[in-house]
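What follows is a short report on a single structure.
Nothing in this text is a laboratory measurement; each read-out follows from the coordinates by a stated rule. Computed from a predicted structure; not experimentally measured. Reconstructed Cβ throughout: ideal geometry from the backbone, glycine too, with neighbour counts over all protein chains shown.
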Amino acid sequence: MFFDPETWVAIAFVILMVVFGYLGVFKKAMIALDHRAERIKAELDDATRLKQEAAKVLADYKARTASAEREAADIIANARSEAERIAIEAKAKVEDFVARRTKTAEGKIALAEAQAVADVRAAAAEAAVQAASTILSQSVRGQVADDLLAKGITEVRQKLN
């Protein structure tokens, strides 16, 4: 039995364990393992805390994104309604402008027409006076002719104007 290598390995192992026990290696190993367990637990706690903070930040960003999307939709809706309102106002202004221009043009046309009628009447009166003057001067002479001419011119002017 003392010649078996397994026996010597077992004896060396027992001696090594006794020496370790005497030197306090087991206690130091246990303390090191406890410290490592505490460090791992602290790291896990930090990781959990960071995960919770990340979840809060993610939720905050999602809320901000949703709020920004709502604001963008509101801005677009307001812009569309404002554009429609401006288009309606512009259309009304154009229609009003066209109506005023049409009325002004109709007034100018009526004025020009009245002026043309007056010009034609004046020209006709002038022509009639000229014709009457020529006819009367050729057919009637003397004081009677002058009186008739003056009377005829006065009557023609009164009737044509």
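Worth a mention:
- Computed helical MRE - 222 nm, the chain, DSSP H runs ≥ 4 contributing -39500 (n - 2.57), nearest 500: -35500 deg cm²/dmol
- Pairwise FRET efficiency - LYS93 versus GLU113, Cβ, R0 = 30 Å, nearest 0.05: 0.50
- Gain in span if fully extended, ALA124 to MET17, counting 0.36 nm per residue against the direct Cα distance: 23.6 nm
- Over all Cα atoms in the chain, the spread is summed up by Rg and Dmax: 61.0, 189 Å.
- Per DSSP, loop chymotrypsin sites (Phe, Trp or Tyr not before Pro) in segment 1-67 with at most 10 further Cβ within 10 Å: PHE2, PHE3
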